[in-house]
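Visitor: What follows is a structure written as structure tokens; I'll ask about it next.
The values are calculated or read from the model by the stated rules, or taken from the named source; none is laboratory data. Note that this is a predicted model, so its numbers are computed, not measured. So basically every Cβ, Gly included, is an ideal-geometry build from the backbone, and we count neighbours across all protein chains shown.
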Amino acid sequence: MFPKTLSKKGGSALLRGALFAAIALGLGFGNPKIAHALAPAGSTINNQAIGVYTDGSGVPQNVTSNSVQTVVQPVAFMDLNANNNKNATPGSTVTFTHTITNTGNSTDYFNLSVADLTGDDFQILPSIRADANGDGIADGVLPITRTPSLAPGESYQFVVTGVVLGTGLSGNTARISVTGTSAFDSGITQSNTDTVNITTNAQVTVVKSIDRNSGAPGTGPYTYTLTYTNSGNTPATNLTVTDVLPLGLSYVPGSGTWSGSGATALGDGIGGDPTGINYLYGALPATVTANIGTIAPGSTGRFSFQVTVNNNILPSIIPNVALYAYNDGATLLSSTPTNTVNLAITQLASFTIAGDTKASANLGSSVIFDNLLTNTGSGADTFNLTYGLGSFPLGTNFQFLQADGVTPLTDSNGDGIPDTGSVPAGGNYHVFVKATLPATSLTTSPFISLIIFSTPKSGHKTPTPVFYR
């Protein structure tokens, strides 16, 4: 509890340090797809000097220079993924999946174009369609020519589709080029090449999807579904789908289901599955394997399983892709990747701050409090710092200082408020507060101040008042 009374002796009083702290999360989604560690556009880099001297009375004094600010300018970067190679039967529609990611430091959108390349065996009339949920299936029939606006680190998925000529011959090949270009800087561009090979045998495609594409550490279950289709002219046999779970995800035991057996759960071990499928989960590494015996021409099926997100996962994008192989009636084809499905791990914001107590200080003097802030969230954060007078006497002047206890704290994120800069998950930051007391005061009780944590702009933490007692 707060001390009730304390008499002043020699102009001194019990002091307790205080500040208000506000989280400003620096997520960027912690995105592993970001290839450039760019400071956000519009943020400021501050520099301020301090001088120390002794005045005519022999008292040490500090003087600070003006603060020089450098504003970070927008820079465009992008990542377009990936090249594809698929077989298709004459007269069928072929679909290629792509993901474009804004790896620049400011919001941007990207113009998309596609062209049928020359010098191959036949022509395709390709078009680009949205695939917002990343399931490898076009969201509609209308073509698109650009992405929506993407924040730094944000991705957008789309598909390229084209019709294979009905007169095409087995072994013929066609190539398509798809290009993304930054709207902010047209000099930033990337291209992928999609290749289609004509076959008259079985033609199987496997498309991967997830029921939710974002979540926090420790949540779930999330359901992955793999849908297989034989668009060829002959039965496909021995379709084997292998899905190695990425780090950060855990398999839910007994969660496998198959369209061929309804809601009946599949066994995780060897044997015991319904006729037509062999389903297996192996723990080292965590792998789901399904073997489908026969897929008739024109038929479709699917199987699903569930995962949970592990605790203490940093904010990130967890991509997942499966591999599949099958016999097309003539050849056992090598493994082909499915589309990539992303699960965005959101950040959990949490922190603690331990105040500091000084036994006494003379009125008219200065005292420095060392407040230890610990980032207990799941990712690196930046903490804005403001102070409240609390019960300190009127006229008390507060100043935030850097780790040297002398240099004023600066503003690293350009919002006009001094802050800690980026503090890693689990990391500590010493917040030094210099309190200069007025020469006189009518206050006789201990000086106590209130600490309040404000709402971060990201909205990941509710305002929480905290009292130091």
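Visitor: Quick check: anything in segment 350-362 surrounded by fewer than 19 Cβ atoms within 10 Å (Cβ to Cβ) and charged (D, E, K, R)?
Guide: Taking every residue of segment 350-362 in turn, at least one turns out to be surrounded by fewer than 19 Cβ atoms within 10 Å (Cβ to Cβ) and charged (D, E, K, R).
Visitor: Condition first: touching a Leu at 6+ places or on another chain (Cβ under 8 Å), over 17 Å from Asn87 (Cα atoms) and among the aliphatic types (A, V, I, L, M). Now tell me which residues in segment 294-325 satisfy that.
Guide: Result: Val307, Val309, Ile317, Ile318, Ala322.
Visitor: Still on this structure, I have one more. Among strands (runs of 3 or more DSSP E) lying entirely in segment 66-132, which contain 1 or more residues that are polar (S, T, N, Q) and closer than 22 Å to Thr145 by Cα?
Guide: Fully inside segment 66-132 and qualifying: 78-81, 84-88, 93-102, 110-116, 127-130.
Visitor: Sticking with this one: Counting only residues that are farther than 17 Å from Thr223 by Cα and modelled with pLDDT of 95 or more, how many does segment 298-327 have?
Guide: Of the residues in that region, 7 qualify.
Visitor: Quick test of your reading of the structure: Thr287 fulfils all but one of (1) among the polar types (S, T, N, Q); (2) at pLDDT below 95; (3) surrounded by fewer than 16 Cβ atoms within 10 Å (Cβ to Cβ); (4) farther than 15 Å from Val206 by Cα. Name the failing condition by number.
Guide: Every listed condition holds for Thr287 apart from (2).
Visitor: Could you count how many residues in segment 234-272 are over 35 Å from the mean Cα position of the chain (by Cα), crowded, with 17+ Cβ neighbours inside 10 Å and farther than 14 Å from Gly301 by Cβ?
Guide: Total meeting the criteria: 1.
Visitor: Considering every residue within segment 265-277, establish whether at least one is outside any loop (DSSP other than H, G, I, E, B), closer than 15 Å to Val241 by Cβ, in contact with a Pro (Cβ under 8 Å, 6 or more places away or on another chain) and in contact (Cβ under 8 Å) with a residue 12 or more places away in the chain.
Guide: No, segment 265-277 contains no residue that is outside any loop (DSSP other than H, G, I, E, B), closer than 15 Å to Val241 by Cβ, in contact with a Pro (Cβ under 8 Å, 6 or more places away or on another chain) and in contact (Cβ under 8 Å) with a residue 12 or more places away in the chain.
Visitor: Output yes when any residue across segment 357-372 is more than 30 Å from Ala439 (Cα to Cα), outside any loop (DSSP other than H, G, I, E, B) and in contact with a Phe, Trp or Tyr (Cβ under 8 Å, 6 or more places away or on another chain), and no when none is.
Guide: Within segment 357-372, the subset more than 30 Å from Ala439 (Cα to Cα) is none.
No, every residue in segment 357-372 fails to be more than 30 Å from Ala439 (Cα to Cα), outside any loop (DSSP other than H, G, I, E, B) and in contact with a Phe, Trp or Tyr (Cβ under 8 Å, 6 or more places away or on another chain).
Visitor: Also, I was wondering about something else. Of the residues in segment 132-160, how many are closer than 19 Å to Tyr228 by Cα and modelled with pLDDT under 95?
Guide: 7
Visitor: Another one. Of everything in segment 117-131, what is closer than 30 Å to Leu226 by Cβ and either in the same structural domain as Ile317 (by TED's automatic domain parsing) or more than 23 Å from the chain's Cα centre (by Cα) (or both)? Give them in sequence order.
Guide: Ile124, Leu125, Pro126, Ser127, Ile128, Arg129
Visitor: A further question follows. Can you report the number of residues in segment 166-183 which are part of a loop (DSSP other than H, G, I, E, B) and crowded, with 18+ Cβ neighbours inside 10 Å? Break it down stepwise before answering.
Guide: Step one: of segment 166-183, the residues part of a loop (DSSP other than H, G, I, E, B) are 166-172, 183.
Filter again for crowded, with 18+ Cβ neighbours inside 10 Å, leaving 168.
Total satisfying the criteria: 1.
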